[in-house]
Structures are given as structure tokens and as C-alpha cells.
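Comments concern the structure below.
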Amino acid sequence: MAFTLQRRSFLQLVMGTLTGTAATVSAPFVRAAPAADAATIGWPNDVPSWDPNQRFTPDAQPIFKAVFDQPLDQDPQLKLIPHLIKSWSLAPDALSMAVELRGDVTFHNGDKMSTEDFRYTFFERIKSGTKLDTANSWRKVDDIVIESPTKATMKFNAPDPTAPQWMAFLGSYIVPKKYIETGGLDNFIKKPVGTGPYKLAEYELNSRIVLERNDAYWGPKANVARVTIEIIKDPSARVAAIQSGQADLTVNLPVREVQRFQSEGSFAAEIDPITRVILLNVRADLGFSDKNVRLAAHHAIDKAALSTAFYGGAAVPLSVFATPGTPGYLPDFKFPYDPDLAKQLLAKSGFGPDKPAKIGFATTNGQFPSDYDIARAIVQMWKKVGIDADLQVIEYAKYFELNRGNKLPEATLYSWDNSTGDPEIFSGYMLNPKMPFSPWKDQDIGNRTLALFNIADYDKRIAGYRELERYAVENGACMPLLQSVVTLVRKKNLAYTRYGNGWMLPQTLRWS
Amino acid sequence: MIATIAKLIARRLLAAIPILLIVSALLFCVLRLLPVDPAAMSLPPTATIAEIEAKRRDMGLDRPLPEQYLIWLKAALHGDFGRSIALGREAGSLVALTLPATIELALSAMAIAAVLGIGGGLLLFHLRGSWLESVADLASILLLSIPEFLWGLILLFVFGVVLHALPFTGEVSPSLPQPHITGFLLLDSLLIGRLDIFASACRHLILPAFALGLAFSPAIMRVLRSSLFDVYHEDYIAQARLRGLTERQILLGHALKNAALPTITLAGVQFGILFSGTLLVEVIYSYPGMGNLMVDAVRNADLPLIQAIGLTYCVVVLLINTLVDSLYVVLNPKLRVH
């Protein structure tokens, strides 16, 4: 006799168990229309910690800038402007910098900000042994002499010509001395107190950050009273969030998705070039010991084609390691795409399509948009002129270890972010043999670079870097490819202020 | 029976000690063999080579690997799993903070997988011999071939984007506060008597839990059906029919109980896999659990955090195995005798 389960019994069995779940589903999810004083942002990364001095994380800077203030700021064109510091004066020898702070600034807990907090942030905390990334950027600070609650002088043990730039760069946020010393660091990280335009109202690790407007802010008040930052790491989920209305604005979407949004026209979708450079970091030895091979490799790359294929043409092809509009940029210097010249250079060194020069080539996959695809396209471009590249994928986290162990191949695809736009933080850091970024180890260019770190005069320093950039590219020490882009999609009636370095600051959001 | 289960749990806990030691040693060695430098990574990129070397000495990375492991083990036994390189916080506290969300998600997913699996298994069994059997069989194979992250994207698209029926980011609506008592949001919202938070948390849980549950239900479905086939060939089923029991009584009173044993074994194994499946699903749904944390840790090569999370996964799997074995004792009288 065959077993027969009655349909009704079966449905009762399954559906009965599902009833509890269905009860919660039955209340339909209705996304409330955005209030004029609230906005939700889909953001790709959480902050590493709520101690803004602790870790250098470029993606977290816009969030930190909402809760904390930096001594100096940058305008949308990246010009250095006063902020908590009203005025500053770098000594001609760059061994000291006098600053005058605003006297009308209070922390979110009501404590007045003064030079005591300034000294604590940039000197006392660092010397106390707290593990901070700022200990590295401000390692030259010998002391900070307090002259009054608003006036102080920073003393450096070696020339620090980019001290003003660093006042508006990674990790440089003034933190409250009294609050940290009395409540402890753990309490500060749990309940951070800054002087910024927003207070941190709520924080859930890897989930969301809720900011509430600081009505006692010393500067222009934020337009939107409550900003919720949803941490949405998956790009597809960020696309879905904006499309479904669960986010009002989101960033770092795939270029193809942004182009789709642009063609559909229902959202404002942008692909904006920023102060981030995609480049090839190269070695001076192995298969690249021959300058002709290095220059041929550079001439063989069609940067405009890469931009069109992977960034919708928005990424600007670069000839120097600086972006347009920044002090180190050389608008008149062009390193041409010329495959014929590349073949001639290779032929001079005995290479050609029949006898290709063999090199190793490393890339990340997913570290920045289309990185692996760009690397594959370059391999094909090189193949056409007679360079046979063995492509390997590396994790970004392993880059520094591989470089330290001298294990990087001849070329590595790399992305370099410099929100200040200063040339020291572009080519200065990249070509400095004492720093861990570049695999290029060559005494000539290394010495030229190191000399620039001690020049205090701004104009002379910038001129030096411009010369270095040209020299490095002409010698094949550096192969800048493209000015990278940032993508952003928002509701059409939600505006924000666009910055040349890609910052999307919550305090600039406004509904229309 | 309770004494048998207690003995079993005690045996399992004793066996867990060497297993955890071996797993921790393996994890430690494998992570140290990776071409990453924890010292360099714990410093900003502007650090000089000399500073990195000093940091390496400070972290004890210049010592032999066994010595490094013993130092780590001693600290771990005191509850110190090191500090996350990327987040600068205690790895143990980060795990403690995120584990409850993952447990809630995994348990919800397992409940969904069990309901769908048992329901589907009964349906497949019910349809045997009919023309619908092959259709249902094909459908179950199709379901089996869809991984959890694909379910995640499909459900997100259908219920989140097209139908606007369910939220798909985070753990609770941004307009609601998040209570922190036990760390288990559903429980905490009930403890403070906030049904609105409970309902919101349930709605946020539905899509990720279904994404995981749907991926794991087909296996349960197919094993249950096969087990029922086997059980229905046993003599006691024929005898039950001779005693005049209805088919429903036979199924619920005899067949299902016996067919459940291999299904529970499978569910136990599946739960371990399901737990690791939370990694991608949590990222897709921005769910603030341990899987999400693990993905970040791997991306940043955050060795102390990977080690702490890896060990937690191991503990969870060992606990599940113990639970499954205990359930076996409850369901199988023979085991109680032996």
C-alpha cells in the first residue's frame, strides 16, 4: 500500500511552521520618504576606530571630518585654508611653525578647545607611547610651546616643509585632552567627542553610523540634521540600496553601473577624476635594468584607450606623477603613446616581437576599480611591441612585505591617493628610497628626492619636484598611467559639494 | 538518558582540548607563513624600514616560530587574542561583539533550512511514483546547485529592489535604537519590551536567513526523502500497517523519527558549512556579524583577528557536533544502552 500524505496535511505541516515567520513578513517594509533634515548614505567602509589619530585610512576621512576638525582644511579646489588654526607661519628653515587657534571652538561635551588640546594631539599623545599612526607623520615634532590658549609654536628636530599640508591630511584631527585623560581612551573610542559639525549619535560596528548635527558648531552649520551612514561593502548591494531608495546617496559603484544610471536619468550619477593616480611602480634591475626596455614599456601603453575601456573616458591620462590642478603637475610635458618608438627602443637593446623582453608584472584584483582588467590590457599592449609579461595577482596587504624582501617583479600596478595634492606626497614619497612604497632603488633619483625633503621654501620645493617628476619619467623610474576616478550616485534633489580629492563630506549635503 | 548525555558532553569537551590546540597551532603556523608582515602592517605606510624592524622586534616576530606560538598561546589562555592590526582593538572583544549577530543569523537560517528541507523532503516522498516526481527531483537539484551568495543577490534584487518588500542592509531600521544587553538583538529587543525593534530586526533578518537557508535546504530535502524510502522498506512499517495505523500515524509516529537520524547528522555537518556561509551573505546584506569581520580581516591580512575568528569557528563546529551527538542519544535508544 502506497503512503499518501493528504495535501491538506502537508500544507498544514509546512505552513504552520512558517506562520511565525510570515507574521513578521506580513508587516510590509515601507521605506519612509526622506525627511528634509535626514539623509542616508551607502558607504563602502567602516571607520577603523573612533580615535581619528590612530590609523591612516583615506576612505574614512570624510566621516572623521564630520565628527572631528582638522587644524587646517582644504577648499574644494584643494587650496589650504584656515580652520581650527586661524593663521600659521612656517619658519624659513622649516624647523618651527607658529600657529594661532580660534578661540570660539568647543568640543561636543562643552569643553573649550585650546592649545592644550593641540599640544596633546600632536605631541603628548605621541610621546606617551599610544600606538598612533600620527606618531609617524609627526615624528619630527620636538615640542609644542604654548604661548597662550590660542597661540603655540611647533618645534621640529628636522625641517618639515609639508607640516601645513599634513595639518589637513590623514589622521590630523584635534582630540580633547581633558576628556581622554579623565575618561580613558576606551571611553573616548566608545563615545568620541570632537569639535566637528556633527556629533556621533550611534555606532554599530560594520553596520551603521548615525550623525546628528552639532548646533553649537563654530563654523557653518550642517544643512541636514541627521545623517545615517550605512556600511554597505558589496558594490552590488550599494547599487541596490540607491535603486530601492534605502540610500539617498552612495559612492564607489562600478563605472558600468554609473553609466547605466546616467543613461536612465532617474538619478544624478557622476564619474569624477580625483587626486589619485594609477601608475606602474617599477624596479631598476632584473628585466628592467635596461632603460630602453623601461621606456619602451611606457611608450607602449595606450592610456587613453585604458580610460575609455575601464573608466568611461573620465580618467585623465597622465605623463607625470601628479594630477591636473595640483602644484606638481606639468601641463606641457607629454610622454606619448608611441608603439613604433617602443619597438625601436626595444630593437636597440636586441628585443622585438620575435625575441621579446621578458618581465614579471604584478597586480591587485579588486583593490581599485578594474585593476586586474587594466593589467591584462597592458600585457596585451606590451606583447604587440615585444615585451612578454608574466602577470601575477598579489594581495595589496602583501605589497609592502614583498617590496621589503625585494620580491616584487619588474612592474606592479598601483594606486596612490594624495588628498593634499602636494608633490612631496606624490613623487616625494614614491621615489624616496627610505620609504617603503616604491621598488625603484637607485641612488641618483633617490638622492635627488631626499634633497627635496629639506627645502623649506615653497616655490623652490615645488620647482624641484616638477623637475624630479620629469626626470623620473624620462628615465623610466616611474610610469604614471591615469588620474583615477571616484563614482557617486545620488537622488537628484540631494546636492553636495564636490572636492578635487573625492571627499564627500556629510556636512555639505543639502536637499532641494 | 541525562547521565549518558552528560558523559558524552564531558568526553567531547575533553577531546576538544587537543583539537583546539592543534587547530590553533596550525592556524598560527599557516598565517605566519603567509608573505605578510604584521609589523609593517601595524605601522602607517610612511614608516621607515628601521621603524618596521624595531616594531618587529617589539612584537617578538624575530623569535623562532614555536616560541612565538607559545607566547600567543599563553596570552590566549588568559583571554588575550592580540590586537587587530587594522582596527587597533582587542581581537577577542571584536569577536564577542559580532558573534551574537552571526549566531542569530545562522540559527534562523538553519530553522528555515530545516522547515524547507523537511517540508520539501516530505513533498518529494509524497510525489514518488507520480509524473511530478521527476519535476520535483529536477527542481531540488536546481536548488542544490545555487550557492548562498547567489540566493543572496537574487532575493535582494527581487524583494529589495523590485518589490521594495524587505530591507536588505544592516540589522535594524536606522530610525530605531539598537539595545545592547546580551548582544543578541532579537532577545535584547524583547528584554526591553520593544516589539518595534524586534519586528524590524526580524524583517532585516529574513533575506539573509532565507539566502542561507535556501542554499542548505535541498540537501536536507534529498537525504530525508532517501531515508524515508529506506525506512518504508523496514518490517516495522508493514507491521504498523497490519496493526491498522493510519499512514499519517505511521509517518509521524515511526517513519519520520527513524528517517530523522541521518538527516540530523547531515544537518549537523551542514550547520558548520552554513556558519562559514555567513561570510559572503553578511557582506551582501551588510549584516554586522563575524563573517563580515572575517572578510575584512582576510582583506587586510589582519592575522590576530583571523586567528581569533578561525578559532571561534572551530569552537562552534565542535559545539554543534556535541549537540548533534546528544540529539542522537535522545532519538536513538540503542545508543543509550551502549
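The values are calculated or read from the model by the stated rules, or taken from the named source; none is laboratory data. Keep in mind it's a predicted model, so treat the numbers as computed, not measured. Note that we place each Cβ from the backbone using ideal geometry, even for glycine, and neighbour counts take in every protein chain shown.
Every condition in (1) at pLDDT below 95; (2) out of contact with any helix residue (DSSP H, G or I) (no Cβ under 7 Å at 6 or more places or on another chain); (3) at negative phi; (4) of a type outside the set (Asp, Glu) holds for A:GLY265 except the one numbered (3). Residue-level analysis places A:TYR372 outside the set of residues that are of a type in the set (Phe, Trp, Tyr), more than 14 Å from chain B (Cβ to nearest Cβ) and under 30 Å from A:ILE455 (Cα atoms).
Do we have A:ILE146 as touching a Leu at 6+ places or on another chain (Cβ under 9 Å), of a type in the set (Val, Ile, Thr) and farther than 30 Å from B:SER42 by Cβ here? Taking the combined requirement at face value, the residue does not satisfy it. The residue that is nearest to B:GLN178 (Cα to Cα), counting only those in region A:201-213 that are surrounded by 23 or more Cβ atoms within 10 Å (Cβ to Cβ) and more than 9 Å from chain B (Cβ to nearest Cβ), is A:ILE209. When the test is whether a residue is in a strand (DSSP E or B) and away from chain B (no Cβ under 14 Å), A:ASP143 passes it. B:ILE220 fulfils the conditions (1) surrounded by fewer than 24 Cβ atoms within 10 Å (Cβ to Cβ); (2) at pLDDT 85 or above; (3) in a helix (DSSP H, G or I); (4) within 14 Å of chain A (Cβ to nearest Cβ) except for a single criterion, (1).
For A:THR497, the conditions (1) over 23 Å from A:ALA314 (Cβ atoms); (2) modelled with pLDDT of 95 or more; (3) in a loop (DSSP other than H, G, I, E, B) all hold with the exception of (1).
Considering region A:345-377, and only residues there that are surrounded by fewer than 16 Cβ atoms within 10 Å (Cβ to Cβ) and in contact (Cβ under 8 Å) with a residue 40 or more places away in the chain, the residue that is nearest to A:ASP285 (Cα to Cα) turns out to be A:LYS358. Cβ separations smaller than 6 Å between residues 6+ apart or across chains give the following pairs from region A:193-207 residues that are at positive phi to residues that are surrounded by fewer than 24 Cβ atoms within 10 Å (Cβ to Cβ): A:ASN206/A:ILE231. Taken residue by residue, region B:75-91 has no member that is part of a helix (DSSP H, G or I) and not hydrophobic (A, V, I, L, M, F, W, C). Tell me, yes or no, whether region B:5-26 has at least one residue that is closer than 27 Å to A:TYR399 by Cβ, out of contact with any Phe, Trp or Tyr (no Cβ under 6 Å at 6 or more places or on another chain) and modelled with pLDDT of 90 or more. Taking every residue of region B:5-26 in turn, at least one turns out to be closer than 27 Å to A:TYR399 by Cβ, out of contact with any Phe, Trp or Tyr (no Cβ under 6 Å at 6 or more places or on another chain) and modelled with pLDDT of 90 or more. Scanning region A:146-176 for residues that are among the acidic types (Asp, Glu) and either within 14 Å of another protein chain (Cβ to nearest Cβ) or in contact (Cβ under 8 Å) with a residue 60 or more places away in the chain (or both) returns a single hit, A:ASP160.
Can you pull out every residue in region B:250-301 that is assigned to a helix (DSSP H, G or I) and of a type in the set (Gly, Ala, Ser)? Don't jump to the end; show me each part of the working.
The initial filter retains those residues of region B:250-301 that are assigned to a helix (DSSP H, G or I), namely B:250-284, B:290-299.
Correct list: B:GLY253, B:ALA255, B:ALA259, B:ALA260, B:ALA267, B:GLY268, B:GLY272, B:SER276, B:GLY277, B:GLY291, B:ALA297.
Restricting attention to region B:17-30, does a residue exist that is in contact with a Ser or Thr (Cβ under 9 Å, 6 or more places away or on another chain), surrounded by fewer than 15 Cβ atoms within 10 Å (Cβ to Cβ), in a helix (DSSP H, G or I) and away from every other protein chain (no Cβ under 13 Å)? No: region B:17-30 contains no residue that is in contact with a Ser or Thr (Cβ under 9 Å, 6 or more places away or on another chain), surrounded by fewer than 15 Cβ atoms within 10 Å (Cβ to Cβ), in a helix (DSSP H, G or I) and away from every other protein chain (no Cβ under 13 Å).
When the residues of region A:378-407 are narrowed to those that are modelled with pLDDT of 90 or more and small (Gly, Ala, Ser), which ends up surrounded by the most Cβ atoms within 10 Å (Cβ to Cβ)? Going through the qualifying residues, I end up with A:ALA389.
Do you know which residues across region B:180-217 are part of a helix (DSSP H, G or I), without any contact (Cβ under 8 Å) to a residue 24 or more places away in the chain and not polar (S, T, N, Q)? Talk me through it step by step, then tell me what you get.
At the first step, the residues of region B:180-217 found to be part of a helix (DSSP H, G or I) are B:185-191, B:195-217.
Remaining after also requiring without any contact (Cβ under 8 Å) to a residue 24 or more places away in the chain: B:187-191, B:195-196, B:198-199, B:202.
The answer is B:LEU187, B:ASP188, B:LEU190, B:LEU191, B:LEU195, B:ASP196, B:PHE198, B:ALA199, B:CYS202.
Residue count for region A:106-140 under the criterion of being more than 12 Å from chain B (Cβ to nearest Cβ), of a type in the set (A, V, I, L, M) and without any contact (Cβ under 8 Å) to a residue 24 or more places away in the chain: the result is 1.
Only strands (runs of 3 or more DSSP E) whose full extent lies in region A:148-215 are considered here, and the ones with at least 2 residues that are over 27 Å from B:LEU293 (Cα atoms) and over 26 Å from the mean Cα position of the chain (by Cα) are A:151-156. Considering only residues that are surrounded by fewer than 20 Cβ atoms within 10 Å (Cβ to Cβ), under 10 Å from the mean Cα position of the chain (by Cα) and touching a residue at least 12 places away in the same chain (Cβ under 8 Å), which ones fall in region B:94-112? The one that is surrounded by fewer than 20 Cβ atoms within 10 Å (Cβ to Cβ), under 10 Å from the mean Cα position of the chain (by Cα) and touching a residue at least 12 places away in the same chain (Cβ under 8 Å): B:ILE103.
Starting from residues that are among the aromatic types (Phe, Trp, Tyr) and assigned to a loop (DSSP other than H, G, I, E, B), keep the ones in region A:415-473 and report whichever is farthest from A:PHE368 (Cα to Cα).
So the first thing to find is which residues in region A:415-473 are among the aromatic types (Phe, Trp, Tyr), and the list is A:416, A:426, A:429, A:437, A:440, A:453, A:458, A:465, A:471.
If we keep only those that are assigned to a loop (DSSP other than H, G, I, E, B) too, we end up with A:437, A:440, A:453.
Numbers: A:PHE437: 17, A:TRP440: 22, A:PHE453: 29 Å.
Restricting to residues being among the aromatic types (Phe, Trp, Tyr) and assigned to a loop (DSSP other than H, G, I, E, B), the top hit is A:PHE453.
Just to check your reading of the model, which residue among A:GLU230, A:GLU264, A:GLU270 is among the acidic types (Asp, Glu), under 23 Å from B:LEU156 (Cα atoms) and under 24 Å from the mean Cα position of the chain (by Cα)? Steps first, answer last, please.
On the way: A:GLU264 fails: under 24 Å from the mean Cα position of the chain (by Cα); A:GLU270 fails: under 23 Å from B:LEU156 (Cα atoms).
Criteria check complete, one pass: A:GLU230.
Note down all Cβ pairs under 6 Å where the first residue falls in region A:246-274 and is within 13 Å of chain B (Cβ to nearest Cβ) and buried (at least 21 other Cβ atoms within 10 Å of the Cβ), the second is of a type in the set (D, E, K, R) and assigned to a helix (DSSP H, G or I), and they're at least six residues apart or on different chains. So the pair list comes out as A:THR250/A:ARG238. Among the residues that make up region A:68-91, is at least one of them more than 22 Å from A:TYR458 (Cβ to Cβ) and out of contact with any Ser or Thr (no Cβ under 9 Å at 6 or more places or on another chain)? No, that holds for no residue. Being in contact (Cβ under 8 Å) with a residue 12 or more places away in the chain, buried (at least 21 other Cβ atoms within 10 Å of the Cβ), among the aliphatic types (A, V, I, L, M) and within 8 Å of chain B (Cβ to nearest Cβ) holds for only one residue in A:ALA222, A:ALA241, and it is A:ALA241.
Taking region A:50-87 as the search range and keeping residues that are of a type in the set (Val, Ile, Thr) and in contact with a strand residue (DSSP E or B) (Cβ under 8 Å, 6 or more places away or on another chain), which one is nearest to A:GLY421 (Cα to Cα)?
Applying the filter and picking the extreme gives A:ILE81.
On the basis of being in a helix (DSSP H, G or I), within 14 Å of another protein chain (Cβ to nearest Cβ) and touching a Lys or Arg at 6+ places or on another chain (Cβ under 9 Å), does B:GLY121 make the cut? The answer is yes for B:GLY121. Only a single criterion out of (1) more than 10 Å from every other protein chain (Cβ to nearest Cβ); (2) surrounded by 23 or more Cβ atoms within 10 Å (Cβ to Cβ); (3) hydroxyl-bearing (Ser, Thr, Tyr); (4) under 29 Å from B:PHE168 (Cα atoms) is not satisfied by B:TYR287, namely (1).
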